[in-house]
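I have placed the structure first, in the form of structure tokens, so that the comments after it can refer back to it.
The values are calculated or read from the model by the stated rules, or taken from the named source; none is laboratory data. The shown structure was predicted, so the numbers you read here are calculated from the model rather than taken from an experiment. All Cβ positions, glycine included, derive from the backbone under ideal geometry; neighbour counts span all protein chains shown. We work out accessible area using only protein heavy atoms, side chains counted, and drop any ligands, DNA or RNA first. Shrake-Rupley method; radii C 1.70, N 1.55, O 1.52, S 1.80 Å.
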Amino acid sequence: MSTVRVLTGITTSGTPHLGNYVGAIRPAIAASRAAGVQSYYFLADYHALIKVDEPARIQRSTLEIAASWIACGLDPERVTFYRQSDVPEIPELTWFLTCVCGKGLLNRAHAYKASVDKNNAAGVDPDADVTAGLFMYPVLMAADILMFNAHRVPVGRDQIQHIEMARDIAASFNHLYGEHFVLPEAQIEESVATLPGLDGRKMSKSYDNTIPLFAPREQLRKLITGIKTDSRAPGEPKDTEGSALFQIYQAFATPEETAKLRQAYADGIAWAEAKTNLFERIDQEIAPKREAYETLISHPERLEEMLKAGAARARAIATPFTTQLRHAVGLRDLRAQAGAQAGKKDRTALPSFKQYRESDGKFYFKFVDAQGRLLLQSKAYDSPKEAGQVIKQLQEQTGPLPPLLQEIPLQQLSNVDEVYSALQLLLAAKD
Ligand code: TRP
């Protein structure tokens with residue numbers, strides 16, 4: 001019934017390669033087309049600052065990653081596609097979460113521990129070259145996820161711990177300040193293979209064995225020619241097991257095509273021919289996307305506009321939610337308190353829900369502020385009970401307000417911020 005929110009981030013610290021395409025971009029775009037999901041994909045450029053201190057590289061990577069996702073078919077109308085640094089509420093939330101996150105929890109993060117272990121092994125200070133950014137990274141990531149109350153977070157195995165930490169941090173916040181956050185879950189795609197790189201190890205920037213996703217055709221051919229094989233001569237049968245060439249082919253081909261190649265291996269296909277096959281098969285899938293990519297790269301203003309539009313959509317949620325969270329932790333409009341107290345004495349000065357029946361025989365409600373201004377106008381309900389339940393949900397405000405408002409079909413909604421403040425006034429007047 002209610003939609004599942006799926007969110008993932010891509011750190012803008014490099015050039016997308018075939019491993020990213022097979023392991024993340026392609027499955028994520030396919031998943032974003034499913035019914036009943038609301039997807040949030042973002043360029044994690046604040047995260048990039050942890051690893052990269054070359055401004056031009058961050059900018060270039062942001063451009064390339066944005067262009068890659070769009071060229072591969074991501075529909076920015078369908079998903080909320082934005083750049084992290086366009087949503088200043090995220091660093092604000094990071095601070096709120098920092099203040100409920102045990103330092104010990106961060107001490108145990110794999111990425112941080114790996115650096116400390118390395119320093120210890122080298123006999124230098126345990127925190128040598130470790131920035132506070134690296135240490136705090138899991139909190140920033142928790143803020144990315146919790147800001148949109150994502151239910152599911154598709155990530156690689158290396159990120160599972162970070163999702164668990166986001167859950168821990170969310171639970172601490174909820175415990176202290178009320179149920180504001182959904183506890184997210186990692187979503188690991190079992191069926192998606194990790195792609196081997198040129199040297200047979202996992203394709204990864206850190207091994208310098210990648211094939212850029214949108215390498216020009218001739219460069220792609222050259223790179224594929226360089227994939228490591230054994231020294232078996234043409235005519236000698238070849239092993240598919242452990243063959244990087246075969247595994248990469250499999251990630252692009254249909255099961256029938258893969259079966260054919262398997263046979264060709266048994267029949268002793270020459271490595272040169274197998275490489276040509278692989279090159280043509282990849283290029284068949286990538287060439288149309290490459291063309292779209294090149295157009296986008298030469299029109300950064302189009303991407304900038306797309307990202308800005310995505311950020312506006314993200315902020316339509318983040319801004320009112322942050323208002324709610326500020327209130328929750330006590331960063332409050334001083335008038336809210338005064339208003340609530342006035343409300344205790346004078347109930348007429350409070351916002352209120354009004355239920356009524358129209359001449360169409362249907363039931364409606366509206367929510368008006370203390371001055372009688374319309375804040376919410378419901379759609380038609382068949383029974384007063386249904387309308388009443390929605391009112392109850394709003395008044396009790398279980399869960400964060402913005403997603404709740406998204407789930408309630410409304411005819412009219414004024415500023416979410418105002419709705420939130422009015423609900424707070426009502427709530428405060430109750431107790
Ligand atoms: N840390 C993730 C990675 O390196 C990227 C990322 C940042 C992310 N924020 C996120 C992933 C939030 C999922 C959700 O792959």
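Output the qualifying pairs, or none if there are none: Cβ atoms under 8 angstrom, residues six or more apart or on different chains, first residue in the stretch 243-260 and in the same structural domain as D230 (by TED's automatic domain parsing) and open to solvent by less than 50 Å² (accessible area, probe 1.4 Å), second residue of a type in the set (A, V, I, L, M, F, W, C) and not in a helix (DSSP H, G or I). Final answer for the pair search is A244/L198; A244/I227; L245/I227; I248/L195; I248/I227; A251/A193; A251/L195. Summed over the stretch 49-62, the residues that are under 25 Å from R290 (Cβ atoms) and open to solvent by 40 Å² or more (accessible area, probe 1.4 Å) give a count of 4.
Being more than 13 Å from A150 (Cα to Cα), open to solvent by 30 Å² or more (accessible area, probe 1.4 Å) and among the aliphatic types (A, V, I, L, M) is true for just one of I29, I10. Which residue is that?
Step by step, each of I29, I10 is checked, and only I10 is more than 13 Å from A150 (Cα to Cα), open to solvent by 30 Å² or more (accessible area, probe 1.4 Å) and among the aliphatic types (A, V, I, L, M).
No other residue among R157, R60 is among the basic types (K, R) and farther than 23 Å from A309 by Cα apart from R157. Meeting the requirement of 2 or more residues that are within 14 Å of the ligand (Cβ to nearest atom) and in contact with a helix residue (DSSP H, G or I) (Cβ under 6 Å, 6 or more places away or on another chain), the helices (runs of 4 or more DSSP H) wholly within the stretch 117-225 are 132-146, 160-177.
Restricting D53, D75, D45, D86 to residues that are modelled with pLDDT of 95 or more, of a type in the set (D, E, K, R) and out of contact with any helix residue (DSSP H, G or I) (no Cβ under 9 Å at 6 or more places or on another chain) narrows the list to D53. Starting from residues that are basic (K, R) and farther than 16 Å from G73 by Cβ, keep the ones in the stretch 1-55 and report whichever is nearest to the ligand (Cβ to nearest atom). Among residues in the stretch 1-55 that are basic (K, R) and farther than 16 Å from G73 by Cβ, the one nearest to the ligand (Cβ to nearest atom) is K51. Within the stretch 366-398, the set of residues being open to solvent by less than 30 Å² (accessible area, probe 1.4 Å) and assigned to a helix (DSSP H, G or I) comprises A387, G388, V390, I391, L394. Here A274 meets each of (1) open to solvent by less than 10 Å² (accessible area, probe 1.4 Å); (2) closer than 15 Å to V22 by Cβ with one exception, condition (2). What about S61, is it part of a strand (DSSP E or B) and touching a residue at least 24 places away in the same chain (Cβ under 8 Å)? Criteria not met by S61.
Could you say whether any residue in the stretch 79-91 is of a type in the set (K, R) and surrounded by fewer than 17 Cβ atoms within 10 Å (Cβ to Cβ)? No, the stretch 79-91 contains no residue that is of a type in the set (K, R) and surrounded by fewer than 17 Cβ atoms within 10 Å (Cβ to Cβ). Here the stretch 201-215 is the region considered, the condition is being without any contact (Cβ under 8 Å) to a residue 60 or more places away in the chain and not acidic (D, E), and the residue that is most open to solvent (accessible area, probe 1.4 Å) is R201. Tell me the residue from R232, R302, R313, R281 that is in contact with a Ser or Thr (Cβ under 8 Å, 6 or more places away or on another chain) and either open to solvent by 20 Å² or more (accessible area, probe 1.4 Å) or not assigned by TED's automatic domain parsing to the domain that holds T8 (or both), please. Result of the check over R232, R302, R313, R281: R313.
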